[in-house]
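Undergrad: Mind looking over this structure? Questions follow.
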Amino acid sequence: MSGELALSKLLQTLTTKLVDGVYVFVTLAEDAVPEDLSPRMIFQESEGTTLILLQSQAEAHGLDYEFPCRMITLNVHSSLEAVGFIAHIATELARHDMGVNPVSGFYHDHLFVPNGREGDAVRILEKMAQTARNA
């Protein structure tokens, strides 16, 4: 289950799923992460532990957060060694003045795009896939 490596195949078979909820980024000391949180991601950096979690969870715990965003799952099993896939997507979103925070899981890549721009992002991604299929 190593996933797809070929950029053309990844783009041709790309579909998206907009995940429910508004997500935010939080940073805390490693020993300060509340046990009852259910983050989408935890990443430990030397400066602190980064959490991506629902905005409602952050607010319920009184946590400071940044970047309210929406999560888009790319429904294509990309290899962790695929070259250029996320770069291609990030470049196209940037051409539309949209930043993105990508996260790669074992099976899928996930994009965190600014809240309110998720519709634009999905349309851009769908157009990219259609263009790749027509090439």
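Just so it is clear, none of the values below were taken in a lab; they were calculated from the coordinates. Small disclaimer: the values here were computed from a predicted structure and weren't measured. For neighbour counting, all protein chains shown are included, and Cβ atoms are generated from backbone atoms with ideal geometry for every residue, glycine included.
Undergrad: How far, in degrees from 0 to 90, does helix 85-95 lean away from the longest principal axis of the Cα atoms of the chain, to the nearest 10?
TA: The angle comes out near 90 degrees.
Undergrad: Expressed as a rounded percentage, what relative contact order does segment 7-134 have, with Cα pairs under 8 Å and six or more residues apart?
TA: 32 percent
Undergrad: Follow-up question, since we're still on this one. Once both axes come from the Cα atoms, what is the angle between helix 118-134 and the longest principal axis of the chain, in degrees from 0 to 90, rounded to 10?
TA: Helix 118-134 sits at roughly 30 degrees to that axis.
Undergrad: Moving on. Roughly speaking, what is the stretch gain from Ala94 to Leu18, that is 0.36 nm per residue apart minus the C-alpha to C-alpha distance, in nm to one decimal?
TA: Full extension of this stretch gives 25.4 nm more.
Undergrad: How about segment 25-127: which GluC sites (Glu not before Pro) there lie in a loop by DSSP and see at most 10 other Cβ atoms within 10 Å?
TA: Hits after loop and neighbour filter: Glu35, Glu47, Glu81.
Undergrad: Per the helix-only calculation at 222 nm, which mean residue ellipticity applies to the chain, given -39500 (n - 2.57) for every DSSP H run of n ≥ 4 and division by its residues, nearest 500 deg cm²/dmol?
TA: Calculated mean residue ellipticity at 222 nm is -8500 deg cm²/dmol.
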